[in-house]
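Asks: Could you have a look at this structure, given as structure tokens, before my questions?
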Amino acid sequence: EEHSGTKGDIHIFGQESNSTTWRLCKMNLAIRGIDNKEVKWNNEGSFLKDEHKDLRADFIIANPPFNDSDWKGDLLRDDVRWSKYGIPPTGNANFAWVQHFIYHLAPTGIASFVLANGSMSSNTSGEGEIRKKIIEDDLVDCMVALPSQLFYNTMIPACLWFLTRDKQNHGKRKRANEILFIDARNRGTMTDRRHRTLTDEDIKKIKDTYHAWRGEKNSGKYEDVKGFCKSASKEDVEKNSFILTPGRYVGTEDVEDDGEPFDEKMKRLTTELAEQFKESKKLEEEIKINLEKVGWRM
């Protein structure tokens, strides 16, 4: 509707091994009047039984399991999906997922998916070489580092990958050999002691930054923001050993000067530290006394 289209213009394909998730997806589409017959289920999963082998999609969105060590990679060493960038390790499916999504992208398609942070820097079992080849092929469009504690089912830090085959982008800003890095680790608010949520404002800032960098209509002018976003060249990434962690590129946010002279600040801080050391020594002695009272001597 936002693009003057109709529901009949949308063709949705999907695959899920969890039957409950699959039913929820089918229901969500059905109540919105969107055809869901191509959303498939099988308990073998996307690697062993790809339900859409010939699909080349305009948009791919996915949240695959992180660091999956039980993906039966030993049965798929000769799979065509790994033929260009390399065979993923049997002990971790991260780069099997990355290559699965690349394989299914249309010539002008774009994929966005969530992965564990390790996927941005790991060199284990050939993962670094696979990542290097994908970067050299200029498929990486944007990397977003997410804040911790976003998920209810895992504490593993995560990131967003955006991949595209076409950086000419239909008349929008040409961005060949460029990658946008966004560091959103300090975004979000804690909803309780264990969980963080990205606010609408946080999401809008990330979204608007990416759209402006891409040159989308009415998205404003993109500018690097120290500590938050950086448009880096492929050469910059090569100098960083093809590691895609945004923190390496965006730098540190400038801290506003509080006006306190350096010598005065150091005198104040060292005085405070000395007092804290005294308090720490006092607490240590009290703990020793209490331990001795219950028969334990240090």
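The values are calculated or read from the model by the stated rules, or taken from the named source; none is laboratory data. As the structure is a computational prediction, the values presented were derived from the model and not from experiment. Neighbour counts run over all protein chains shown; Cβ positions are idealised from the backbone, glycine included. We work out accessible area using only protein heavy atoms, side chains counted, and drop any ligands, DNA or RNA first. Shrake-Rupley method; radii C 1.70, N 1.55, O 1.52, S 1.80 Å.
Asks: Compute the FRET efficiency between Thr154 and Leu269 as 1/(1 + (r/R0)^6), taking r as their Cβ-Cβ distance and R0 = 35 Å, and round to the nearest 0.05. Display every interim value, and only then the final one.
Replies: Numbers: r = 38 Å, r/R0 = 1.10.
E between Thr154 and Leu269, to the nearest 0.05, is 0.35.
Asks: Another question, if that's okay. If Met266, Met298, Met143 are ordered by their accessible area, calculated over protein heavy atoms with a 1.4 Å probe, which sequence runs from highest to lowest?
Replies: Met298, Met266, Met143
Asks: Also, quick follow-up: Determine which aspartates and glutamates satisfy two conditions relative to Lys40: a Cα distance under 13 Å, and not lying fewer than 8 residues away in the same chain.
Replies: Those aspartates and glutamates meeting the cut-off are Glu16, Asp50, Glu51.
Asks: Counting pairs of alpha carbon atoms under 8 Å apart in space and at least six apart in sequence, what relative contact order in percent does the chain give? Could the numbers behind the result be given before it?
Replies: Working: 428 pairs, mean separation 36.0, N = 298.
Relative contact order comes out at 12 percent.
Asks: Under a 10 Å cutoff between Cα atoms, tell me which one of Ala93, Ala274, Ala111 has the largest fluctuation in the Gaussian network model of the chain.
Replies: Ala274
Asks: Run down the lysines and flag those whose C-alpha is under 26 Å from the C-alpha of Lys288, throwing out any fewer than 8 positions away in its chain.
Replies: Of all the lysines, those that pass the test against Lys288 - Cα under 26 Å, at least 8 places apart if same chain - are Lys278.
Asks: Here's another thing I want to ask about it. With every protein chain left in place, what is the accessible area per residue of the chain in square angstrom, probe 1.4 Å? Could the numbers behind the result be given before it?
Replies: Numbers: 18580 Å² over 298 residues.
Per-residue accessible area for the chain comes out at 62 Å².
Asks: When the chain is treated as a GNM, springs tying every alpha-carbon pair under 10 Å, which of Glu260, Glu136, Glu286 comes out with the largest mean-square fluctuation?
Replies: Maximum fluctuation in the GNM of the chain, among the listed residues, is at Glu286.
Asks: Counting DSSP beta bridges with both partners in the chain, what percentage is antiparallel, nearest 5? Provide the component values of the computation, followed by the final result.
Replies: Values: 20 of 32 bridges.
Around 60 percent antiparallel, to the nearest 5.
Asks: For the pair Asp70/Glu216, report the inter-label distance in nm, with labels modelled 7 Å from Cα in the Cβ direction.
Replies: The answer from the label model is 3.9 nm.
Asks: Per 0.36 nm of contour for each residue apart, how much would the distance between Met27 and Val80 grow if the chain were fully extended, relative to their Cα-Cα spacing?
Replies: Values: separation 53, 0.36 × 53 = 19.08 nm, distance 3.31 nm.
Length gained, Met27 through Val80: 15.8 nm.
Asks: Can you list the residues of segment 171-197 with backbone N under 18 Å from a point 7 Å past the Cα of Lys204, pointing along Cα to Cβ?
Replies: Residues 187-189, 197 qualify, since their backbone N sits under 18 Å from the label point.
Asks: Under a cut-off of 18 Å between alpha-carbon atoms, report the aspartates and glutamates in cross-link reach of Lys293, not counting same-chain residues fewer than 8 places apart.
Replies: Straight-line reach from Lys293, under 18 Å: Glu284, Glu285.
Asks: How much length is gained on full extension from Asp192 to Ser280, taking 0.36 nm per residue of separation minus their Cα-Cα distance?
Replies: Working: separation 88, 0.36 × 88 = 31.68 nm, distance 3.05 nm.
Extending this stretch completely gives an extra 28.6 nm.
Asks: Separate question: Return the single residue from Thr270, Thr252, Thr164 with maximal mean-square fluctuation; model: Gaussian network over the chain, springs between Cα atoms under 10 Å.
Replies: In this elastic network of the chain, the residue with the biggest mean-square fluctuation among Thr270, Thr252, Thr164 is Thr270.
Asks: Quick check: Cα centre of segment 92-108 to Cα centre of segment 152-171, how many Å?
Replies: 11 Å
Asks: With the crude spin-label approximation of a point 7 Å out along Cα→Cβ, what separation in nm comes out for Lys293 versus Asp58?
Replies: 7.4 nm
Asks: Filter the DSSP H helices in the chain by two things, a Kyte-Doolittle mean of at least -0.5 and an axial alpha-carbon span of 15 angstrom or more, and list the hits by number.
Replies: Values: long enough: 19-31 (18 Å, 0.25); 200-214 (21 Å, -1.70); 262-293 (46 Å, -1.22).
The answer, listed by residue number, is 19-31.
Asks: Quick one: check the C-alpha center-to-center distance for segment 207-277 versus segment 6-81, whole angstrom.
Replies: 38 Å
Asks: Can I ask one more? Consider the candidate values (1) 73, 53, 42; (2) 75, 41, 29; (3) 65, 52, 42; state which one is Cα extents along the principal axes in Å computed from the structure displayed.
Replies: Comparing each candidate, only (1) matches the computed number.
Asks: What percentage of the solvent-accessible surface of the chain, computed with a 1.4 Å probe over protein heavy atoms, is contributed by carbon and sulfur atoms? Provide the component values of the computation, followed by the final result.
Replies: Numbers: 9390 of 18580 Å².
In the chain, the share of accessible area belonging to carbon and sulfur is 51 percent.
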